[in-house]
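Enquirer: This is the structure, below, for whatever I ask next.
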Amino acid sequence: MKYRDAGVNIEEGYKTVSLIKDKASKTHDERVLNGIGSFAALYDIAGYKNPVLVSGTDGVGTKLEIAFKMQKYDTVGIDCVAMCVNDILCHGAKPLFFLDYLACGKLDSLVASEIVSGVALGCQIAGCSLVGGETAEMPGFYKEGDYDIAGFAVGIVERDKIIDGSRIEEGDILVGIESSGPHSNGYSLIRRLIRNYDVEFEERKIGEVLLTPTTIYVPYVLPLLEKYEIKGMSHITGGGFYENIPRMFKSDLTAVIDKDSFTVPSIFKFIMELGVEEKEMFNTFNMGIGFVLCVKKDEAKDIVDDLEKMGKRAYIIGHVERGGDGVCIK
């Protein structure tokens, strides 16, 4: 009996590596000291005075099921990168490198290469290197046609530039940066509410709209860190406004949010019309704001203007008050 008889095709795995190797190599810079195929990746972090490594890991979640049903695999890799690099960005870190883990029941090298091509594109957007990963074929554990993907990002920040929320105080302003849609959160609820992904929504199939990749905020926020005093940052993921915005606070503070200060994308309005209450929406989804900055009052308008110049819409969505309520949405 051979390994192939147990459902694992090693040759398909080799073919997958061959298809993704060039795409991964395009994300490399002079700091990557070896190529794809080694047992581990080597990365040079010279040039920092007092460096601190910042790491994060995440996956794409049940959004993947929509990709399977739509047979569209080229965006979920971007999601995987975004969910990781946006998290480490919250502490002021510049992403350095990324690794992915792809698991499936039966490996199809063309599907796997599409997924990892998205990972490579996400790394290019984030300015980091895809230095390695793992593809696991596990027949009998995953159904044939199912894939799962997780990612691991490592970034770097000078110790004296770590953003930890300790300088946030009453009167500071909250700037929200637009999202591209639900990003990669709340899809277990979305999948319960929307069953047919071929339904037309604003001249597109709603499945295609729901597969819009998560915004990678790195190229927009890193330039701001060089120019302004950013006191805190939150990536609005699962748990929406209520869970994620208070994560930037070190003390008992409240984020007062004006829900009329920004545009809520139509996809969220559609979901709400399917029977989800407004508070639950803000407790589950980003509602059009994927990343929040806490800044000084006299710099808020300039930051919004700079983001607009970079092609990213932003809004002054609220302010900080004393008190331990976490978030108050008015």
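The values are calculated or read from the model by the stated rules, or taken from the named source; none is laboratory data. Everything quoted here is computed from the prediction, not taken from an experiment. For neighbour counting, all protein chains shown are included, and Cβ atoms are generated from backbone atoms with ideal geometry for every residue, glycine included. To get the accessible areas, we keep the full protein, side chains included, count just its heavy atoms, and leave off ligands, DNA and RNA. Shrake-Rupley method; radii C 1.70, N 1.55, O 1.52, S 1.80 Å.
Enquirer: To check you understand DSSP bridge types, tell me what percent of the beta bridges within the chain (both residues inside) are antiparallel, rounded to 5.
Expert: Of those bridges, close to 75 percent are antiparallel.
Enquirer: A follow-up question, please. In the range 9-78, what GluC sites (Glu not before Pro) fall in a loop by DSSP, with at most 13 other Cβ atoms inside 10 Å?
Expert: Details: sites: GLU11, GLU12, GLU30, GLU65; in loops: GLU30.
Hits after loop and neighbour filter: GLU30.
Enquirer: Then there is this: Over the range 172-329, what is the mean sequence separation of C-alpha contacts under 8 Å (at least six apart), divided by residue count, expressed as relative contact order in percent?
Expert: 44 percent
Enquirer: State to the nearest 20 debye the size of the charge dipole of the range 172-329 about its Cα centre, where the only charges are +1 on K and R beta carbons and -1 on D and E beta carbons.
Expert: With Lys and Arg at +1 and Asp and Glu at -1, about 360 debye.
Enquirer: Only loop residues by DSSP count here, and only those with at most 13 other Cβ atoms within 10 Å; note down the chymotrypsin sites (Phe, Trp or Tyr not before Pro) in the range 110-153 that meet that.
Expert: Sparse-neighbourhood loop chymotrypsin sites (Phe, Trp or Tyr not before Pro): PHE141.
Enquirer: Here's a follow-up. The range 284-313 to the range 34-50: how many Å between their Cα centroids?
Expert: 33 Å
Enquirer: Sticking with this one: Considering the Cα positions of the chain, please state its Rg to one decimal place and its Dmax as a whole number of Å.
Expert: Both quantities, over Cα of the chain: 20.6, 72 Å.
Enquirer: Give or take rounding to whole Å, what are the principal axis extents of the alpha carbon atoms in the range 3-158, in descending order?
Expert: 54, 30, 22
Enquirer: Please give the calculated 222 nm ellipticity per residue for the chain, where each DSSP H segment of at least 4 residues contributes -39500 (n - 2.57) and the sum is spread over every residue; nearest 500 deg cm²/dmol?
Expert: Details: 11 runs with 106 residues, N = 330.
It lands at -9500 deg cm²/dmol.
Enquirer: Would you mind computing Rg(Cα) / (2.2 N^0.38 Å) for the range 172-329, counting N as its residues?
Expert: Compactness ratio reported: 1.05.
Enquirer: Something else: Under DSSP H, which helices of the chain have Cα atoms covering 24 Å or more of the helix axis and a Kyte-Doolittle average no less than -0.5?
Expert: 109-126
Enquirer: Let me check against my output: what whole-number percent is the relative contact order of the range 3-158, with C-alpha pairs under 8 Å and at least 6 apart?
Expert: In percent, rounded to a whole number, it is 37.
Enquirer: In the structure shown, do any of LYS161/LYS231; LYS231/LYS301; LYS269/LYS297; LYS231/LYS309 have a Cα-Cα gap over 19 Å, and if so which?
Expert: On the way: LYS161/LYS231 10 Å; LYS231/LYS301 15 Å; LYS269/LYS297 31 Å; LYS231/LYS309 22 Å.
Distance filter (> 19 Å) returns LYS269/LYS297; LYS231/LYS309.
Enquirer: Rounded to two decimal places and with Rh computed the Kirkwood way over Cα pairs, what is Rg over Rh for the range 162-222? The partial results should precede the final answer.
Expert: Values: Rg = 17.0 Å, Rh = 14.7 Å.
Expressed as Rg/Rh, it is 1.15.
Enquirer: Between rounded, prolate and oblate, where does the range 87-231 land on the alpha carbon gyration tensor, with a ≥ b ≥ c its root eigenvalues, rounded for a/c under 1.5, else prolate if a/b exceeds b/c?
Expert: oblate
Enquirer: Okay, next question. Tell me, what is the 1.4 Å probe accessible area of ILE267, in Å² to the nearest 10?
Expert: Near enough 10 Å² of accessible area.
Enquirer: With every protein chain kept in place and ligands, DNA and RNA left out, what is the accessible area per residue of the chain? Probe 1.4 Å, answer in Å².
Expert: 48 Å²
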